[in-house]
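Working notes, structure below.
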Amino acid sequence: MLWWRIPEAAFLLSVCACVTLAYEDDIEIQYTDYYNEITDGETPAPTPSSTPCNSPDLTKWDKIFSMMENSQMRENMLLQYVDDIVKVEMGTLRGELRRWAQIQQLLSAEHTQTSRLAKLESSCLSSRSAGAGFGLNGKNGLHLQEVTPGEVALDEVLAAMKAVKAELDEELKSSRQRRLPAGCEMALLFPVRSRRIYTAVIPDVPLSLSAFTVCMWVKPTSVFNKTVLFSYGHRRNPSEIQLLLAQTSAVFTVGEEASQVEARSVVSPGQWIHLCGAWSSEQGLATLWVGGKKMASNPGMAKGHSLPEGGSLQLGQERNGCCPLFDPKLAFAGKMTGVNMWDTVLSEEEISQLAAQRGQGCQQRGSVVAWGVTEIVPHGGAQFIY
């Protein structure tokens with residue numbers, strides 16, 4: 001038993017020895033020094049990198065790309081700006097159209113309800129007259145006089161429609177007040193009465209005239225004893241020509257203020273009015289036109305007189321002969337437009353065309369003072385409005 005185990009043990013020992021030899025590496029490790037050694041040898045010179053390209057073509061392309069980027073940014077900004085403006089304007093226009101559509105619907109409903117109420121009223125009147133003809137006095141007559149729920153509802157509808165009509169009338173009235181007359185696109189605004197607020201007019205030709213016509217549209221805020229609208233004068237006579245308001249009257253003077261033409265009860269505060277003053281030295285005839293109609297005339301005013309040149313022409317004030325300042329009691333407060341002056345006496349038909357509130361009178365220009373062409377210089381707080 002013991003003898004056969006001896007070879008087996010020898011075989012196991014030989015196998016173990018073979019395995020150990022198979023995995024054995026011939027690596028010699030020598031730890032002569034546990035620290036890194038830095039040699040004192042020469043440091044190799046660094047290799048220089050290549051110089052970047054300095055080609056002029058590359059700089060030119062950079063500039064081109066930069067310009068393209070800048071132009072693209074500007075284009076985007078402009079597009080955004082235009083888009084914002086269009087959005088705002090479209091929103092405003094949409095609101096106005098909706099408001100207009102609502103007004104049209106209200107007007108249509110008002111007309112429909114008015115026609116229905118008229119038919120109902122006529123039918124009620126006819127039925128009552130028929131009942132009276134048949135002698136319905138007693139119980140049946142009292143029954144006809146009773147107010148039914150339908151009539152109460154109709155009364156409420158009628159009251160509501162009257163309120164809507166009143167609102168529409170006020171809206172139309174305010175829109176007419178804001179609109180300028182005779183096709184005018186701008187006006188002069190004199191906000192308050194002040195000695196500093198006036199407008200100087202520099203005529204296209206000298207005012208050495210023997211005949212003229214001056215016309216204008218005015219809308220006074222309030223009226224006083226004397227309010228100067230148009231004034232031409234010099235140091236010796238500051239009132240050679242005056243077109244003015246005196247309470248509810250319009251006054252026109254030439255040469256001397258003692259001789260004048262007056263149209264009474266023609267001016268209303270807050271309302272547009274068209275005034276024309278015409279004068280001829282040969283005939284000595286001065287005429288005042290209000291709203292296209294001849295309201296007053298004076299056949300003996302400054303006959304043979306000629307206007308001297310070199311004077312000053314103002315709107316809304318009168319220059320004193322001695323002092324450079326104005327009198328605040330003569331100042332005009334309100335709006336003024338369509339100021340024109342001709343060197344002839346206009347005909348009745350021409351003045352009527354100028355005074356048409358829904359016409360195109362502002363398209364006609366004077367030969368001495370032309371509205372929208374002649375230089376007009378506001379002073380103080382006077383300004384142009386559109």
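Looking only at residues in the range 270-296 that are touching a residue at least 60 places away in the same chain (Cβ under 8 Å) and part of a loop (DSSP other than H, G, I, E, B), the one that is farthest from Phe212 (Cα to Cα) is Gly270. Tell me yes or no: at least one residue of the range 313-323 is more than 22 Å from Lys226 (Cβ to Cβ), outside any loop (DSSP other than H, G, I, E, B) and in contact with a strand residue (DSSP E or B) (Cβ under 7 Å, 6 or more places away or on another chain). For the range 313-323, residues more than 22 Å from Lys226 (Cβ to Cβ), outside any loop (DSSP other than H, G, I, E, B) and in contact with a strand residue (DSSP E or B) (Cβ under 7 Å, 6 or more places away or on another chain): absent.
Listed by position, the strands (runs of 3 or more DSSP E) contained in the range 202-264 that have at least 1 residues being over 18 Å from Cys276 (Cβ atoms) and of a type outside the set (D, E, K, R) are 227-233. Residue count for the range 256-289, restricted to those that are over 14 Å from Ile351 (Cα atoms), under 38 Å from the mean Cα position of the chain (by Cα) and surrounded by 20 or more Cβ atoms within 10 Å (Cβ to Cβ): 3.
Can you say whether Ala302 is farther than 22 Å from Glu350 by Cβ and small (Gly, Ala, Ser), as far as the supplied structure shows? Yes; evaluated as a whole, the condition is true for this residue.
Of Gly311, Gly338, Gly316, all but one fail to be under 23 Å from Pro378 (Cα atoms), over 30 Å from the mean Cα position of the chain (by Cα), crowded, with 19+ Cβ neighbours inside 10 Å and of a type outside the set (Ser, Thr, Tyr); the exception is Gly311.
Name the single residue, out of those in the range 290-304 being touching a Phe, Trp or Tyr at 6+ places or on another chain (Cβ under 9 Å) and under 30 Å from Arg195 (Cβ atoms), that is surrounded by the fewest Cβ atoms within 10 Å (Cβ to Cβ). Going through the qualifying residues, I end up with Ala302. Among the residues of the range 363-385, is there at least one that is in contact with a Ser or Thr (Cβ under 6 Å, 6 or more places away or on another chain), in contact (Cβ under 8 Å) with a residue 60 or more places away in the chain and within 18 Å of Leu245 (Cβ to Cβ)? Yes, there is a match, as at least one residue in the range 363-385 is in contact with a Ser or Thr (Cβ under 6 Å, 6 or more places away or on another chain), in contact (Cβ under 8 Å) with a residue 60 or more places away in the chain and within 18 Å of Leu245 (Cβ to Cβ). Taking the condition closer than 30 Å to Tyr386 by Cβ, in contact (Cβ under 8 Å) with a residue 40 or more places away in the chain and out of contact with any Lys or Arg (no Cβ under 9 Å at 6 or more places or on another chain), does Leu330 pass? The answer is no for Leu330.
Looking only at residues in the range 374-386 that are within 22 Å of the chain's Cα centre (by Cα) and either aromatic (Phe, Trp, Tyr) or surrounded by fewer than 15 Cβ atoms within 10 Å (Cβ to Cβ) (or both), the one that is farthest from Pro328 (Cα to Cα) is Tyr386.
No value in this document is a laboratory result; all are computed from the given coordinates. As the structure is a prediction and not an experimental result, all values here were calculated from the model. When we count neighbours, we look across all protein chains shown, and the Cβ atoms used for this are built from the backbone with ideal geometry, even at glycine.
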